[in-house]
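Comments concern the structure below.
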Amino acid sequence: MATITTTNPYTQEELKTYSLISDNDLNAKLELGQEQFDQWKSVSIKERSKLLKQVAKLLHKRTEKYAKLMLSEMGKPITQGIAEVEKCAWVCDFYAKNAERFLADQLIETDAKESFISYDPLGVILAIMPWNYPFWQVMRFAAPTLMAGNTAVLKHASNVSGCALEIEQLFLDAGFPKGCFQTLLVSHEQIETIISSSTIKAVSLTGSEPAGRKVAELAGSQLKKCVLELGGNNACIVLNDADLDKHIKTMVQARMQNAGQSCIAAKRFIVEASIYDEFMKRFQDEVSNLILGDPSQNETDMSAMAREDLAKEVEQQVHKSIDKGAKVVYGNSRTGAIFQPTIVENVQPGMPLFDEEVFGPVAAIIKVENEEEAYQMAMRSRFGLGTMVFTKDVKKARHQIDDIGDGAFFINEMVKSDPRLPFGGTKASGYGRELSKEGIMEFVNKKTVYIK
């Protein structure tokens, strides 16, 4: 029987070995998800809300336990893990409070006696989720999906299998009926079987662009809807009037949090020439103050990346960019899965650090002559997740809203997710939206009801 063995990326200690489920067990779980959906869809939203509030309470109660699990499986510093679990409780509370309003029938005035839109659940929804935010990525999918009356099955990244199983147990402990939310420890080959199953009605994937293209192809062949939250290559525009005293720490956090392993991280810093030297000095000072080390220590800002092969990939992207003329200003040292925070300047289009998503703690710096060139350079990307700009002239920056073709545009703040706001991208960053009212509407049937 095939197995998965998880490893602590900081210590390289093997943690636990899990057995993948057989095809027969997989089919049984899918059938259970369908059977439970037939019951769950009739449960009142008020009752669903009570259960989701209980999930939030358990998340608060188990914050440290789950943070330590993330620490061991993918190297997340303990303080960042705690913050992640608390954010998961927030998204549960948000949908528990707002789902009934979001899903209320929408009356439409027509020549009918009565006409309205009814928002009905679809069925069993498959989630394919990554390792970088092992709890948050799942909970921001699960909370609206379950509140809408669907049931869910999860294929999580194999290196966070312990987190995946804990999330299933979390819903059971909160009182959700068995089969509402199930974790599937399956191989990549079995994913095609799952998507092809008539039980699965839609797919949500957060992951890489190649994974998104493959899942979209499989789902499309089955005429099934999918939501894809894929890679990003976010620009951080620093204009000459940016308040570095106020925002430099935010800029560093935008790149270096979670060891740079974030789709919405600031990956390309586009800086006006007149402020360039000051920015570089301030940015390097802040980066050099980051504490790199043991993720169990509260003072640690950054630890190992999730796997050594991921750190090697980032290392190669840096070296290939150096070969094309980029220059390392700070860092660029790797030991196993630990990659030192790194700053690289003279980055230009055509280099991996400009063109590709760099999923690690490397800040690519691009100098431009003026504001117009800054925005033009920001949009030179096939990704479209988010753009951020730092400037004192907010009124002028607002004029760029229509020209920024990304899923998000943040002024004087790093791009981040918030349960109250829709989250998602354009172009190679995928399509569909998570969070807010938009997120809960992704996996419902918007049914027209017309009564003469």
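The values are calculated or read from the model by the stated rules, or taken from the named source; none is laboratory data. Computed from a prediction, not measured in an experiment: that's the story for all the values here. Cβ atoms come from the backbone with ideal geometry, glycine included; neighbour counts cover every protein chain shown.
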Residue 211 meets each of (1) buried (at least 22 other Cβ atoms within 10 Å of the Cβ); (2) at negative phi; (3) within 17 Å of the chain's Cα centre (by Cα) with one exception, condition (1)
Exactly one of 102, 94 is aromatic (Phe, Trp, Tyr), within 21 Å of the chain's Cα centre (by Cα) and within 27 Å of residue 203 (Cβ to Cβ), and that one is 94
Selection from region 138-159 of residues within 15 Å of the chain's Cα centre (by Cα) and of a type in the set (Val, Ile, Thr) yields 138
Among 264, 248, the single one that is outside the structural domain of residue 54 (by TED's automatic domain parsing), closer than 26 Å to residue 304 by Cβ and not in a helix (DSSP H, G or I) is 264
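Let's see how each residue does on (1) of a type outside the set (Gly, Ala, Ser); (2) surrounded by fewer than 22 Cβ atoms within 10 Å (Cβ to Cβ):
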| residue | (1), (2) |
| --- | --- |
| 97 | yes, yes |
| 105 | yes, yes |
| 110 | yes, yes |
| 113 | yes, yes |
| 127 | no, no |
| 147 | yes, no |
| 152 | no, no |
| 156 | yes, no |
| 160 | yes, no |
Residue selected from region 129-145 under the condition out of contact with any helix residue (DSSP H, G or I) (no Cβ under 6 Å at 6 or more places or on another chain) and among the hydrophobic types (A, V, I, L, M, F, W, C), by the criterion surrounded by the most Cβ atoms within 10 Å (Cβ to Cβ): 142
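Anything in region 418-439 that is part of a loop (DSSP other than H, G, I, E, B), in contact (Cβ under 8 Å) with a residue 40 or more places away in the chain and touching a helix residue (DSSP H, G or I) at 6+ places or on another chain (Cβ under 7 Å)? List them, or say none. Spell out the reasoning first.
Within region 418-439, the first condition is being part of a loop (DSSP other than H, G, I, E, B), and the residues that meet it are 418-422, 424-425, 428-429, 432-433, 435.
Next, only the ones that are in contact (Cβ under 8 Å) with a residue 40 or more places away in the chain stay: 419-420, 424-425, 428-429, 432-433, 435.
419, 420, 428, 433, 435, listed by residue number.
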Looking at (1) aliphatic (A, V, I, L, M); (2) in contact with a Cys (Cβ under 9 Å, 6 or more places away or on another chain); (3) surrounded by fewer than 23 Cβ atoms within 10 Å (Cβ to Cβ), which is the one condition that is false for residue 78? (2)
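Quick one: which helices (runs of 4 or more DSSP H) sit completely within region 23-74 and have at least 1 residues that are more than 24 Å from the chain's Cα centre (by Cα), at pLDDT 95 or above and over 30 Å from residue 13 (Cα atoms)? Write out each step before concluding.
On the way: elements: 23-40, 45-61, 63-74.
In region 23-74, the matching helices (runs of 4 or more DSSP H) lie at 23-40, 45-61.
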